[in-house]
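Visitor: The following block contains the structure, expressed as structure tokens.
The values are calculated or read from the model by the stated rules, or taken from the named source; none is laboratory data. Keep in mind that this is a model prediction, so the values were computed, not measured. No Cβ is skipped: glycine too gets one built from the backbone with ideal geometry, and neighbour counts run over all protein chains shown. Calculation scope for accessible area: heavy atoms of the full protein, side chains included, ligands and nucleic acids excluded. Shrake-Rupley method; radii C 1.70, N 1.55, O 1.52, S 1.80 Å.
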Amino acid sequence: MSTGFLWHEKYMWHDTGSGATPDVEPDEHFENADTKRRMKNLLDLSGLTDQLVRLDPRMATEDELRRFHTDDYINSIRELSDHLGGMAGPGTPFGKGSYEIAKLAAGGTIVATEAVLSGQVNNSYALVRPPGHHAERDLGRGFCIFGNVALAAMHARDIWQIERIATIDWDVHHGNGTQQAFYDDPNVLTISIHQDGLFPKDSGTVEERGANNGQNYNINIPLPAGSGHGAYSTAIERVVVPAVQSFRPQLILVPCGFDASVYDPLGRMLLTSESYRELTKMLLALANATCDGKIVFSHEGGYSKRYVPFCGLATIEALSGIRTEITDQAGRDDLPGQELAPHQEAIINEIAQSLP
Ligand SMILES: [Zn+2]
């Protein structure tokens with residue numbers, strides 16, 4: 001078994017500035033290079049990077065971006081980036097040169113996907129930046145410029161003739177961009193597990209189930225704030241597994257955020273690195289049962305500088321089946337709130353019962 005790992009130094013050069021508003025003393029933007037660089041550093045230090053298959057990104061072409069994004073949007077990002085940078089959308093600043101870096105992120109997720117489809121590796125992890133799952137057709141959002149996973153799915157379909165793809169997004173925020181890309185499409189099953197009502201506002205409700213031919217091919221699992229491992233593992237068992245099994249995908253893509261961790265400043269969930277290890281094993285088992293283990297993770301959010309590295313290490317250890325000697329100093333076995341609570345189970349069961 002082999003796991004591909006994709007990374008590029010330039011992902012760290014995407015400059016989101018100070019996050020300042022007229023009322024707030026300048027500080028780093030939440031989405032800055034540190035969490036991801038520290039994750040890469042821990043992977044290196046643990047010895048894991050050396051045991052993975054190195055994958056190198058390329059930039060997505062403009063034709064590839066146009067599979068999802070509008071000409072006007074692509075042109076506006078390029079023009080701003082060629083000068084001093086600007087805003088891709090609300091809360092989504094970028095500096096000079098980020099157009100090329102965002103194309104490298106989209107292209108990176110494409111490369112990680114092709115490595116799995118070609119059989120070069122069994123599964124893969126793309127540690128890309130900027131993230132992608134909030135990016136809409138004609139608007140950046142939530143620190144995302146281009147829809148990395150949506151574009152990889154479209155590429156797999158157009159170039160590799162993959163007919164059915166499932167996306168399973170466990171970033172703590174709703175994967176609105178991926179949902180938008182395939183809302184009418186019965187050949188891409190989009191699933192998002194996220195904190196109820198968090199971001200984007202009024203997005204990610206249970207009622208959003210797809211439209212036209214895509215009806216029932218979008219599933220949102222909005223969990224209440226304060227959900228821990230019990231709620232997440234039950235949501236996967238009772239909703240994700242049966243939905244994906246009956247869909248029979250040929251490929252699974254995972255928009256993978258670590259902002260559902262207990263230490264994250266932008267989410268209010270309780271997952272630990274051990275949760276991510278166990279949840280990854282569940283998705284891997286699902287991929288083995290449905291699509292020959294073909295699963296690709298693409299990095300999304302996660303804003304705890306201290307904890308994202310451990311969550312990322314545990315996830316890639318589970319993907320590769322390699323256990324390093326690093327232990328998670330911040331993880332606690334006795335964290336409260338990990339058991340499935342009745343109000344969490346109620347929403348999970350409601351969604352499970354609504355599956356066709
Ligand atoms: Zn997020």
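Visitor: In region 165-174, which residues are within 15 Å of residue 252 (Cα to Cα) and either within 12 Å of the ligand (Cβ to nearest atom) or open to solvent by 50 Å² or more (accessible area, probe 1.4 Å) (or both)?
Guide: 169, 170
Visitor: Same structure again: Among (1) open to solvent by less than 10 Å² (accessible area, probe 1.4 Å); (2) part of a loop (DSSP other than H, G, I, E, B); (3) within 16 Å of the ligand (Cβ to nearest atom), which single condition is residue 121 missing?
Guide: Among (1) open to solvent by less than 10 Å² (accessible area, probe 1.4 Å); (2) part of a loop (DSSP other than H, G, I, E, B); (3) within 16 Å of the ligand (Cβ to nearest atom), residue 121 violates only (3).
Visitor: Any idea which of 285, 231 is more than 15 Å from the ligand (Cβ to nearest atom), under 25 Å from residue 201 (Cβ atoms) and either within 17 Å of the chain's Cα centre (by Cα) or part of a helix (DSSP H, G or I) (or both)?
Guide: 231
Visitor: Does region 121-128 include one or more residues that are farther than 19 Å from residue 34 by Cα and within 17 Å of the chain's Cα centre (by Cα)?
Guide: yes
Visitor: Which count do you get for residues in region 179-197 that are open to solvent by less than 10 Å² (accessible area, probe 1.4 Å) and hydroxyl-bearing (Ser, Thr, Tyr)?
Guide: Going through region 179-197 one residue at a time, the tally reaches 2.
Visitor: So which residues in region 138-148 are over 12 Å from the mean Cα position of the chain (by Cα), buried (at least 24 other Cβ atoms within 10 Å of the Cβ) and more than 9 Å from the ligand (Cβ to nearest atom), if there are any at all?
Guide: Listed by number, the residues that qualify are 140, 145, 146.
Visitor: What about residue 275, is it in contact with a Ser or Thr (Cβ under 9 Å, 6 or more places away or on another chain), modelled with pLDDT of 95 or more and over 24 Å from residue 148 (Cα atoms)?
Guide: yes
Visitor: Still on this structure: Quick check on this structure: which one of 35, 16 is touching a Gly at 6+ places or on another chain (Cβ under 9 Å), more than 25 Å from residue 295 (Cβ to Cβ) and among the β-branched types (Val, Ile, Thr)?
Guide: From the options 35, 16, the qualifying one is 16.
Visitor: Considering every residue within region 234-252, establish whether at least one is open to solvent by less than 10 Å² (accessible area, probe 1.4 Å), within 16 Å of the chain's Cα centre (by Cα), touching a residue at least 24 places away in the same chain (Cβ under 8 Å) and closer than 25 Å to residue 30 by Cβ.
Guide: The answer is no; no qualifying residue exists.
Visitor: Let me confirm something: among 307, 303, 263, which residue is of a type in the set (Ser, Thr, Tyr), over 20 Å from residue 7 (Cβ atoms), within 16 Å of the ligand (Cβ to nearest atom) and touching a residue at least 40 places away in the same chain (Cβ under 8 Å)?
Guide: Exactly one of 307, 303, 263 is of a type in the set (Ser, Thr, Tyr), over 20 Å from residue 7 (Cβ atoms), within 16 Å of the ligand (Cβ to nearest atom) and touching a residue at least 40 places away in the same chain (Cβ under 8 Å), namely 263.
So that you can scan it fast, the table gives a plain yes or no per residue for (1) open to solvent by less than 10 Å² (accessible area, probe 1.4 Å); (2) assigned to a helix (DSSP H, G or I):
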site: 268; (1), (2): no, no
site: 302; (1), (2): yes, no
site: 311; (1), (2): yes, yes
site: 314; (1), (2): yes, yes
site: 317; (1), (2): yes, yes
site: 327; (1), (2): no, no
site: 333; (1), (2): no, no
site: 351; (1), (2): yes, yes
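Visitor: Any idea which of 107, 89 is outside any helix (DSSP H, G or I), open to solvent by less than 50 Å² (accessible area, probe 1.4 Å) and either in contact with a Lys or Arg (Cβ under 6 Å, 6 or more places away or on another chain) or without any contact (Cβ under 8 Å) to a residue 24 or more places away in the chain (or both)?
Guide: 89
Visitor: For region 266-282, give me each residue that is away from the ligand (no atom under 13 Å from the Cβ) and over 26 Å from residue 117 (Cβ atoms).
Guide: Residues satisfying the conditions are 270, 272, 273, 274, 275, 278.
Visitor: All but one of (1) within 29 Å of residue 18 (Cα to Cα); (2) at pLDDT 95 or above; (3) not charged (D, E, K, R) hold for residue 91; which doesn't?
Guide: Answer for residue 91: the failing condition is (2).
Visitor: Exactly one condition in (1) part of a loop (DSSP other than H, G, I, E, B); (2) within 16 Å of the ligand (Cβ to nearest atom) is false for residue 202; which is it?
Guide: Here residue 202 clears every test but (2).
Visitor: Here is a further query. Here are 60, 102, 135, 112: which of them is more than 28 Å from residue 18 (Cα to Cα), surrounded by 24 or more Cβ atoms within 10 Å (Cβ to Cβ) and modelled with pLDDT of 95 or more?
Guide: When all the criteria are applied, what remains is 112.
Visitor: Also, I was wondering about something else. Which residues, taken from region 289-300, are open to solvent by less than 40 Å² (accessible area, probe 1.4 Å) and outside any loop (DSSP other than H, G, I, E, B)?
Guide: 290, 291, 295, 296, 297, 298, 299
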